[in-house]
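See below for the structure under consideration.
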Ligand code: ADP
């Protein structure tokens, strides 16, 4: 099973990615988590990525692509993976296509989790009180929403044209959304 999970910041991708990955026995790979772990450990990648995360801007494609390529080469991803937060640019879509082609693999599905814009801001401001993410301040939250809408949301057309896209309503409680996602993955794409 090779899956992509799309959605704006605050849509619940991370939470749902972990649940789906556990259900399918595949790793959930989050580029945001990879960058945050590298920042915490003060690696070279972390030092380079920090300024972008703090500004709510995308990390340059080459750094991001290299990180994902290395992660997907690990043994636990050999039989499948769920990518959360990647690809986010056209160059990343192209790079992922290459990575898949090299292994002779294809994507099984691409899921878009959608949530009302006001609810997104509300959720992220709430998360700011419990988690210590440096990018969960209101101006950076708004910036991340803009970047998603401008740079990433249009990429869904590519996967729609390939017949892979499934849209799932991300409003409501966590269990309810997981059930919707599982149901969407069981039905053919439209
Ligand atoms: P969110 O979706 O809430 O913004 P993430 O944890 O997915 O949270 O991402 C946090 C930050 O990590 C992004 O704002 C960006 O700086 C960086 N990042 C994550 N994924 C990518 C990507 N595919 N390309 C470039 N930057 C990324």
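Every read-out reported here was derived from the displayed coordinates using simple, explicitly stated rules and does not represent laboratory data. Owing to the predicted nature of the structure, the values given are computational and were not obtained by experimental measurement. Backbone-built Cβ (ideal geometry, glycine too); neighbour counts: all protein chains shown.
Quick rundown of the values:
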read-out: Using distinct alpha-carbon pairs, which all enter the 1/r mean, Kirkwood radius of region 14-107 in Å; value: 13.8
read-out: Ordering of 3-10, 64-71, 180-187 by burial proxy (mean other Cβ atoms within 10 Å per residue, highest first); value: 3-10, 64-71, 180-187
read-out: The chain - mean residue ellipticity at 222 nm from DSSP helices (-39,500 (n - 2.57) per run, n ≥ 4, rounded to 500); value: -16500 deg cm²/dmol
read-out: Mean separation of Cα contacts under 8 Å (6+ apart) over length of region 57-190, as relative contact order %; value: 28
read-out: Gap separating the Cα centres of region 105-178 and region 1-77, nearest whole Å; value: 14
read-out: Spacing of the two label points (7 Å from each Cα toward its C-beta) at residue 161 and residue 173, in nm; value: 4.2
read-out: Cα shape, region 89-190, gyration tensor, a/c 1.5 rule; value: oblate
